[in-house]
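The values are calculated or read from the model by the stated rules, or taken from the named source; none is laboratory data. What you are looking at is a predicted structure, and each value in this text was computed from that prediction instead of being measured. A quick note on method: Cβ atoms are made from the backbone with ideal geometry, for glycine too, and the neighbour counts reach across all protein chains shown. Calculation scope for accessible area: heavy atoms of the full protein, side chains included, ligands and nucleic acids excluded. Shrake-Rupley method; radii C 1.70, N 1.55, O 1.52, S 1.80 Å.
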Amino acid sequence: MLPQFFAPPIDVANYADSGESSGSFLGSGAEWGAVKAAMVSGDWVLIQFGHNDKAPVTSAQYQANITQMVTDAKAKGVTPVLISPPARATFSGGTLTDQSSLHSADMQAVATAQKVAYIDLTSITTAWYNQMGSNGWQQYHALGTDQTHTNAAGAVKIAGFITSAMRTQNIGLAPYLRN
């Protein structure tokens with residue numbers, strides 16, 4: 001849903017592949033290899049993983065995978081932006097459950113170490129879900145029951161959170177956002 005938020009000359013290519021972890025996306029060669037092959041100096045790459053990086057993936061493994069992607073991008077003159085994953089709509093009473101398994105702290109650690117932009121989408125969406133409560137999130141999720149995958153309305157909302165953060169943080173893509 002990001003393309004609708006950008007004005008020319010920005011083009012968005014989505015290389016996401018459902019079910020991939022940072023390790024499988026990087027390790028299989030096909031997905032990350034395609035991204036690397038398409039990158040040219042001056043491009044930007046938005047990197048977001050975490051939902052499928054479950055145990056036994058350690059913080060160290062996750063950080064190493066993300067660091068490799070950042071290193072590869074920088075080597076080609078590409079600017080990476082790291083984005084933590086959106087929270088899962090899992091509630092305990094009226095409050096979202098702990099989201100630390102999504103590796104947002106690990107993503108932030110890599111961003112800090114590599115001196116690249118970071119958008120904490122996990123925190124942003126946690127606040128959003130908590131505002132809606134345990135009976136409000138369903139309108140933004142697939143089938144109204146899927147706690148991870150959004151429907152089109154939810155995807156637009158989350159893309160809006162990302163672009164809002166780009167503006168707020170003055171990330172270099174911000175001037176290309178539609179008003």
In degrees, nearest ten, helix 152-168 long axis to first principal axis of the chain (Cα): 60 degrees
Rounded to the nearest 10 degrees, what's the angle between the helix 59-75 long axis and the longest principal axis of the chain, both from Cα atoms, 0 to 90? 40 degrees
Rank Met132, Ala117, Thr90 by how far each Cα sits towards the positive end of the charge dipole of the chain (+1 on Lys, Arg Cβ; -1 on Asp, Glu Cβ) and give me just the farthest. Ala117
Could you report region 1-92's accessible area per residue, 1.4 Å probe, as an integer in Å²? 49 Å²
Any idea what the dipole of the chain comes to, in debye rounded to 20, about its Cα centre with Lys/Arg Cβ at +1 and Asp/Glu Cβ at -1? 360 debye
Computed over region 113-168, protein heavy atoms only, probe 1.4 angstrom, the accessible area per residue in square angstrom equals 49 Å²
If you compute volume of the Cα convex hull per residue in Å³ for the structure shown, which of (1) 179; (2) 150; (3) 116 do you land on? (3)
Can you put Val57, Val78 in order of accessible area, largest first, using a 1.4 Å probe? Val57, Val78
By how many degrees, 0 to 90 and rounded to 10, does the Cα axis of helix 121-132 deviate from the longest principal axis of the chain? 20 degrees
Loop only per DSSP, at most 10 neighbouring Cβ atoms within 10 Å: give me the trypsin sites (Lys or Arg not before Pro) in region 104-177, ordered by residue number. Lys115
With a 1.4 Å probe and all protein chains left in place, how much of the accessible area of region 60-112 comes from carbon and sulfur atoms, in whole percent? 50 percent
